[in-house]
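See below for the structure under consideration.
Just so it is clear, none of the values below were taken in a lab; they were calculated from the coordinates. This structure is a prediction, so every number in the text was calculated from the model and none was measured. Neighbour counts run over all protein chains shown; Cβ positions are idealised from the backbone, glycine included.
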Amino acid sequence: MSAPAIEGWFTTGPDPTLTGERCTTCATVYFPPTIAAAGYCRHPACEGEEFERVPLSRRGRVWSYTDAQYQPPPPYPAPDPFEPFAIAAVELPEGIVVLGQVARGYGVDDLRVGAEAELVVEPEAVGDALVWKWLPLGSGHVTELGEEADQ
Amino acid sequence: MSPADRGVAVAGVGMHPWGKWGRSFVQYGVHAARQALGDAGVPWSDVDLVVGGETVRNGYAGYVAGSTFAQALGWNGARIATSYAACATGAQALDTARARILAGLCEVALVVGADTTPKGFLAPNAGERWDDPDWLRFRLVGMTNPAYFAMYARRRMDLHGATPEDFAQVKVKNSRHGLANPNARYRKEVSVADVLASAVVSDPLHLLDICATSDGAAAVVLVSEDYARRHGLGESVRMSAVSTVTPTFPNTVLDMPLLSTDASGGTEPEHTFKESLATAAYEEAGLGPEDVDVAEVYDLSTALELDWMEDLGLCARGEAESLLRAGETTIGGRIPVNPSGGLACFGEAVPAQALAQVCELTWQLRGQAEGRQVAGARVGITANQGLFGHGSAVVLVR
């Protein structure tokens, strides 16, 4: 199994989840999980300094979406030749909107504000490190998953 | 007495024409500064505070822009400061100057912002920085600035029925506004068809929906009311608010350069970040959106201009397209937006652009915006947003 592109932000396996951090004082949930290392809860009315790791909901609603038809600058690891990709911001039941690329094989035509999406983990465009992505649900689109997307 | 009553006078404004001129940011800044001083009729020796807008692309001198401009103009012993707040840099610099004047600590402040900007996407600094959100958004998602603007644009389409033609109409309007502006980089009419025929950068935004990067400079001379009186500047424009408020937790609208929002906790904050920038400005100025005659807002993308109209309370949420379609945001309409031509005609020169908005409103309120004048304008508001909770709105009153 390949390693995640960034350690500790999501789990892999058949039902991957994003990993949040919850303040043990005020119960505010944060993603990405960088708050414990920072050491202080960002809720203005809370002085909590202890956090526990919690899996975030796997499904949410599309807040918005777009695509990248021009190659982003470094440090984006772009394949040569560049392949455009779609991006979605998905609002989870925890109330957090999280950006991610859209699963390979899907584009903006498969997305709609308010539609459901589910977390998946796929290899990055270059190399075999894994990254979280959003899979549109109920778009009626049948993706042709390459072997590289099959883990 | 409120800050609005005390006021600070905008004695002079100046710019270097925007474009790709191949000169250093110092030359651009000094040009704009000298023009602003000349416009004010204030001698350099009277300036007792210099505030520079920092540029991150020009090394050490750019990081200490205040002293760089002060030295270039000739050391005169003035107090000095340098501000950095991404796209809100110029407004933060103004805020520093205005606050010192209101506190009675200085009388004449020169605020300068100037930059050179490479072509293409704005990108993070080089090096591996796995704990830097601005680096991570590129590395993990490939999330460019236009991709954020496109997310906002797409929401307008899916929620409010906006169309790519609407977005293109903003460009058409602003390109017309900028035709006669001598400081604008692009002075050419653009049609809806031109916009729609340009390449898609991030769906639904085309190349011509997104502002270019540019070189540019702008400068503002602020003086105390007392100094203005003593020097016969009584009829000058007054800066009655500078809002630089942060978001209020939880910030639930996806904000550049972050990968996520705060958790809403089941309740939406009373105001979004951009709304709160305007609300604070109106409160400080003792005015409301109904008093505004003209607005200069950050049209980093065409669609973003529509968002700002609603954030500033110039119309209700979801109604910006109908105002645009009715021609109400054009010069001659009910509430002209970006009469300068906006970033659509200028392009981005980060530390200069919030100052450029103030320059334009000053010309508008004085009735000097030749070829693009909003008739009888007495109250103007600017708005912009930088990274990491920086943003600003400035209110000018004649």
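Listing for the model above:
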{"item": "Exposed GluC sites (Glu not before Pro) absent - longest run of chain B, DSSP non-H/G/I/E/B, at most 16 other C-beta within 10 Å", "result": "B:1-127"}
{"item": "Theoretical ellipticity at 222 nm over chain B - DSSP helices of four or more residues, -39500 (n - 2.57) apiece, nearest 500", "result": "-10500 deg cm²/dmol"}
{"item": "Karplus (6.51, -1.76, 1.60) ³J(HN,Hα), θ = phi - 60°, over segment B:44-54, in Hz, Gly and Pro reported as x", "result": "4, 5, 7, 6, 10, 8, 10, 10, x, x, 6"}
{"item": "Residue (of B:Ser214, B:Leu324, B:Met256) at the positive-pole extreme of chain B, dipole from beta-carbon charges", "result": "B:Ser214"}
{"item": "Convex hull (Cα only) mean projected area of segment B:240-329, reported in nm² to one decimal", "result": "6.6"}
{"item": "Links that overshoot a 27 Å alpha carbon limit, given the list B:Lys20/B:Lys173; B:Lys119/B:Lys173; B:Lys188/B:Lys274; B:Lys119/B:Lys171; B:Lys20/B:Lys188", "result": "B:Lys188/B:Lys274"}
{"item": "Along principal axes, Cα extents of chain B, largest first, whole Å", "result": "56, 50, 46"}
{"item": "Two-site label geometry, A:Cys46 and B:Arg317: point separation in nm, points 7 Å out along Cα→Cβ", "result": "2.5"}
{"item": "Of every Cα-Cα pair in segment B:199-248, the percent that sits beyond 14 Å", "result": "73"}
{"item": "Cross-link reach list, lysines versus A:Lys133, counting only Cα pairs under 26 Å and skipping chain neighbours closer than eight places", "result": "none"}
{"item": "Estimated 222 nm signal from helices in chain A, with DSSP H stretches of n ≥ 4 weighted -39500 (n - 2.57), rounded to 500", "result": "-500 deg cm²/dmol"}
{"item": "In sequence order, calculated HN-Hα J values of segment B:387-398 (Karplus, 6.51, -1.76, 1.60; Hz; x Gly/Pro)", "result": "8, 6, x, 8, x, 7, 9, 10, 10, 10, 9, 9"}
{"item": "Size-normalised alpha-carbon gyration radius of segment A:1-133, reference 2.2 N^0.38 Å", "result": "1.13"}
{"item": "Largest-first ellipsoid semi-axes for the protein assembly as shown, taking √(5λ) over the Cα gyration tensor eigenvalues, angstrom", "result": "41, 25, 22"}
{"item": "Debye intensity ratio I(q)/I(0), log10, segment B:211-369, q values 0.11, 0.13 Å⁻¹ (C-alpha model)", "result": "-0.52, -0.72"}
